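> Supplied in structure tokens, the structure appears directly below.
Bear in mind that the values in this text are calculations on the coordinates, not laboratory data. Quantities reported herein were computed from a predicted structural model and do not represent experimental measurements. Neighbour counts are summed over all protein chains in view; Cβ atoms, including those assigned to glycine, are modelled from backbone coordinates with ideal geometry.
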Amino acid sequence: MRIQTALLCDAANVREGLLNILSGLVTRVYRDKLPAPLSVSLALVFELEQGEVELPHEVTVQVNDPRTTAIARIVAGFQAKRANLGYEPGEKAMLPFVVSLNQVGTRHYGLHRIRVRVDESDPTILSLWVQHSDERQLPSIH
């Protein structure tokens, strides 16, 4: 199994096996004052071999602040039923999964790292900058 897709977004959900994403590829959030919530969701797609589909899997998400302090650790799980997927023999299963980081709060501006691990795989690491609203760069008008 591997993480095929991992991205931060404003919101996401899974409906009937489909991943719905609102404003994906978030890399920065702007906050006037801290502490403040991150207010993002983590959208994931797992790619599973046929033999991995019906096994239980554990997903661990850890959010570290710029001082490398863990400010959140979320552990979740999933298990699919082959009959519900409708895949052909030999075809890999693609399973969408969403983790809400909406209520994860931070006390520091700067680069936050989000480590995503499924089972014992190598982690996927995403970056999220928390910046003051004054740092927002508006496009120049020519």
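> Let me spell out the model: positive unit charges on the Cβ of Lys and Arg, negative unit charges on the Cβ of Asp and Glu, origin at the Cα centre of the stretch 38-111. What dipole size does that give, in debye rounded to 20?
Once rounded to the nearest 20, the dipole reads 440 debye.
> Restricting to Cα pairs below 8 Å that are 6+ residues apart, what does the relative contact order work out to for the chain? Please round to a whole percent.
About 31 percent, as a whole number.
> In the stretch 10-40, which trypsin sites (Lys or Arg not before Pro) are in a loop and have at most 12 other Cβ atoms within 10 Å, using DSSP for the loop call?
Sites meeting the loop and neighbour criteria: LYS33.
> Still on this structure: Let me check I've understood the local charge: for ALA70, count other residues with C-beta under 11 angstrom from its C-beta, Lys and Arg +1, Asp and Glu -1. What total comes out?
Taking every other residue near ALA70 into account, the sum is +3.
> Further question: Could you please state, rounded to a whole Å, how far the C-alpha centre of the stretch 94-142 is from the C-alpha centre of the stretch 1-51?
When both Cα centres are located, 9 Å separates them.
> Once the dipole of the chain is set up with Lys and Arg at +1 and Asp and Glu at -1 on Cβ about the Cα centre, which of THR124, SER23, LEU95 lies farthest towards its positive end?
SER23
> Given +1 on the Cβ of Lys and Arg, -1 on the Cβ of Asp and Glu, and no further charges, what dipole in debye does the stretch 1-133 carry about its Cα centre, rounded to the nearest 20?
Dipole of the stretch 1-133, to the nearest 20 debye: 720 debye.
> How large is the Kirkwood hydrodynamic radius of the chain, counting all unique pairs of alpha carbons, in Å?
Mean inverse Cα-Cα distance, inverted, gives 16.4 Å.
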